[in-house]
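Quick notes on the structure that follows.
Only the coordinates and a few stated rules stand behind these numbers; no lab work does. Worth saying up front: this structure is predicted, and the values here are computed from it rather than measured. Counting neighbours? That spans all protein chains shown, and the Cβs are built from the backbone with ideal geometry, glycine included.
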Number of protein chains: 2
Amino acid sequence: MKDTLSKEALLEARQLISPHIHQTPVLQSRALNKISGAELFFKCENFQKTGSFKARGATHAVLRLSDEEKKRGVATHSSGNHGQALAWAAQKLGIPCHVVMPENAPEVKIAAVRNYGAEVHLCAPNLPAREAGLKAVQDEFGSVFIPPYNHPNIIAGQSTAAAELLDEIPDLDLIITPVGGGGLLAGTALSTHYFAERCQVIAGEPEGANDAFLSFYSGERVKEHQSQTIADGLLTTLGEINFPIIQELVSDIITVSETEIIEALKLIYQRLKIVVEPSSAVAFAAILQQAERYENRRIGIILSGGNVDLAKLPF
Amino acid sequence: MKDTLSKEALLEARQLISPHIHQTPVLQSRALNKISGAELFFKCENFQKTGSFKARGATHAVLRLSDEEKKRGVATHSSGNHGQALAWAAQKLGIPCHVVMPENAPEVKIAAVRNYGAEVHLCAPNLPAREAGLKAVQDEFGSVFIPPYNHPNIIAGQSTAAAELLDEIPDLDLIITPVGGGGLLAGTALSTHYFAERCQVIAGEPEGANDAFLSFYSGERVKEHQSQTIADGLLTTLGEINFPIIQELVSDIITVSETEIIEALKLIYQRLKIVVEPSSAVAFAAILQQAERYENRRIGIILSGGNVDLAKLPF
């Protein structure tokens, strides 16, 4: 692995961000163990700062900037958790932040980014407009672009969730995460590779946004694809840097249906009594689908976040 | 106070039940502190065994039975959390349990009680039928009736939630609970009286089920009243044993509208990222309503439980 993703770099990332983020709790449920036939440990990133694991990568990326870069500030385009996380991290460290957001983004998300002190730039709701908006911001303010997942410092930041989990529950057989752009998955795979070699890493992905699954099994990164799923944090395309790490260190990617996602989501609400976003239920849904295969295994499940529009809950 | 509710009895209750129940976490949220203007400490009984604080009282009541009574087993009538809690406690301690439930109770609640190994007896959905059903069970099986709140051992059991909270956050100015039958409120008032004399205890109650408020301010226990509220755990009438304790040791009862309950509930889901039942939001709603009065106070809020029908969430 390159230096920015070495074992030492990951240890340093954890040390760097730990004063700023939450060490999130790990929950268990006897009822869910019974239903799944496995022993499950839920790492609750819904309780993370800004409500998702994205606070880890964003904080790390910002901390790694040079003083000169910090002066210029940061920018990204996002309709979701990364925008909030970057705005929060930038505010925390006292540097300017610009977030390009689609004009049809929910009011509450735009307000959240503004609440964290970032300047919001609205654009048309498509990727070219978002990229043009970002370029305009960079040209005007000289901001450093912090991408949501396709960056070593982001991946190293996201790796800290699994590192904490492995510290707390050292003898896991398996860790599973959802996969969208692959920041959390690649980070988890690296942490597990360095700190718990015996433990496997797999991912869950919605059937309706299965580019990581297709890329993983074809050996070639799928760049263009239609995506439709309730797990709206996972609509993104697997990143270029993320893909080879995942190919090398991940054992399997399991796709799940919308019905399976909703069923898993419901069980998390009913049994763990916590609020998570649909993307968070995808990994648990994969374990439930493959219950026989994972019987009696000790499994860490990373719940990615809890920023959900309550009015759109599917139950 | 009578011996069963002395300081020593409460300490003993805590010791007796602690091997069986969860010491539930206390959560904080910077966002909710900002919104309320106070410093809030949420004691999360939604994470308690069986999903509510009722597991505390039920466990305590069962543990206090004589060997002869344990052989006869226990019974209650309940459409809600107390039935589940008693079934669970009885199973845990290996004694028979009968729960009389209205035939229109949700399937999922009936299934939950059966899952905890209790025998369910369905009856017509009214109080006389429930009482007749209970009497029939007692006549047939010789079961000991464990009431949901009107009993010293239940009150002493419920007192342990506040005792834990005061241990963890010793310098609270105020503790607030919801009030229905008054088990949690009387227990909290006793714990606070014995273990944190400087701390006040108040309660929140739905306007639509305000018998505790009316009783508290008239000095006479209101026994018959119409109740309608989304906070369905609080439809019950204040208990005979509970009332004088509350009169002596509680400072105020604040009533809140249905709109205020729903708004508080939403904030708990959005900001604390936890699933609670509407009854749990009533205490927080009271603090929000009286924000000026409680500005800058350190306030413990007991969230009573998390057994909610997801299909009936008001958002």
*Between rounded, prolate and oblate, where does segment A:55-145 land on the alpha carbon gyration tensor, with a ≥ b ≥ c its root eigenvalues, rounded for a/c under 1.5, else prolate if a/b exceeds b/c?*
oblate
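Test of understanding: ordering A:312, B:2 by Cβ neighbours within 10 Å, fewest first, what list do you get? Please list the in-between numbers first.
Details: A:312 11, B:2 8.
In order of increasing Cβ crowding within 10 Å: B:2, A:312.
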*Among B:259, B:59, which comes first, second and so on when ranked by fewest other beta-carbon atoms within 10 Å?*
B:259, B:59
*In percent, what relative contact order does segment A:55-145 have, based on Cα pairs under 8 Å that are 6 or more apart in sequence?*
32
*Using a cut-off of 30 Å between alpha-carbon atoms, which lysines can reach residue A:2, once sequence neighbours fewer than 8 places away in the same chain are excluded?*
A:43, A:49, A:54, A:70, A:71, A:92, A:135, A:223
*Amide H of residue B:297: which non-local residues (sequence gap of 5 or more, or other chain) have their own amide H closer than 5 Å, using H built in the peptide plane?*
B:39
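Sorted by mean Cβ packing within 10 Å, highest first, what order do the peptides B:266-277, A:167-178 take?
Details: B:266-277: 22.8, A:167-178: 20.2.
Sorting B:266-277, A:167-178 by mean packing, highest first, produces B:266-277, A:167-178.
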*Shielding of B:262-274 by partner chains, average beta-carbon count, 10 Å*: 4
_Number of partner chain Cβ atoms within 10 Å, mean per residue of A:301-310_ = 2
*Please list, in chain and number order, the residues 5+ apart from residue A:256 or on another chain whose amide H is under 5 Å from its amide H, with Hs placed from the backbone.*
A:205, A:207
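Just checking the output field for A:157-166: average partner chain Cβ neighbours within 10 Å of each residue's Cβ? Show your work: numbers first, answer last.
On the way: counts 0, 0, 0, 0, 0, 0, 0, 0, 0, 0.
Mean inter-chain Cβ contacts per residue within 10 Å come to 0.
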*Read phi for every residue in segment B:34-45 and hand back ³J(HN,Hα) as whole Hz from Karplus 6.51 cos²θ - 1.76 cosθ + 1.60, θ = phi - 60°, with x for Gly and Pro.*
5, 4, 8, x, 10, 9, 9, 10, 8, 8, 9, 6
_Shape call, chain B: gyration tensor on alpha carbons, a/c limit 1.5_ = prolate
*Using alpha-carbon positions, what is the distance between the centroids of segment B:86-109 and segment A:48-63, in Å?*
45
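Based on Cβ point charges of +1 for Lys and Arg and -1 for Asp and Glu, what charge dipole magnitude is obtained for segment A:55-145 about its Cα centre, in debye rounded to the nearest 20? All intermediate terms of the calculation are to be shown ahead of the outcome.
Details: 10 positive and 9 negative charges, 64 e Å.
About 300 debye.
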*Return the single residue from A:11, A:127, A:190 with maximal mean-square fluctuation; model: Gaussian network over chain A, springs between Cα atoms under 10 Å.*
A:127
*Over chain A, what is the percentage of antiparallel beta bridges among all DSSP beta bridges, to the nearest 5?*
10
*For segment B:105-116, what does the Karplus curve 6.51 cos²θ - 1.76 cosθ + 1.60, with θ = phi - 60°, yield as ³J(HN,Hα) per residue in whole Hz, taken in order and with x for Gly and Pro?*
5, x, 3, 5, 6, 4, 4, 4, 5, 5, 4, 7
*Using helices alone, what [θ] at 222 nm do you get for chain A, with -39,500 (n - 2.57) per DSSP H run of 4 or more residues, divided over all residues and rounded to the nearest 500?*
-13000 deg cm²/dmol
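Can you tell me how segment A:101-155 classifies by the Cα gyration tensor, rounded, prolate or oblate, using a/c under 1.5 as the rounded cut? Working shown, then result.
Numbers: a/c = 1.43, a/b = 1.23, b/c = 1.16.
Judged from the Cα gyration tensor, segment A:101-155 comes out rounded (a/c under 1.5).
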*Exposure proxy check: B:69, A:263 ranked by fewest other beta carbons within 10 Å?*
B:69, A:263
*Short version: ³J(HN,Hα) in whole Hz for each residue of segment A:176-183, in order, from phi by Karplus 6.51 cos²θ - 1.76 cosθ + 1.60 (θ = phi - 60°), x for Gly and Pro, what are they?*
10, 10, x, 10, x, x, x, x
_Percent RCO, i.e. relative contact order, over segment B:165-266, from Cα pairs under 8 Å lying at least 6 residues apart_ = 33
*asked:* Is there a quick way to get the dipole size of the protein assembly as shown? I mean about its Cα centre, with the Cβ of Lys and Arg at +1 and of Asp and Glu at -1; what is the value in debye to the nearest 20?
replied: 540
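For chain A, what relative contact order do you get, as a whole percent, if you take Cα pairs closer than 8 Å and at least 6 residues apart?
On the way: 688 pairs, mean separation 67.5, N = 315.
RCO, chain A: 21 percent.
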_I'd like the distance separating the alpha-carbon centroids of segment A:171-190 and segment A:234-310, in whole Å._
10
*Would you mind putting A:140-147, A:29-36 in packing order, based on average other-beta-carbon counts within 10 Å, highest first?*
A:140-147, A:29-36
_the protein assembly as shown - share of DSSP beta bridges that are antiparallel (%, nearest 5)_ = 10
*Whose amide H sits under 5 Å from the amide H of residue A:100, counting only residues 5 or more places off or on another chain, with H placed in the peptide plane?*
A:76, A:77, A:78, A:121
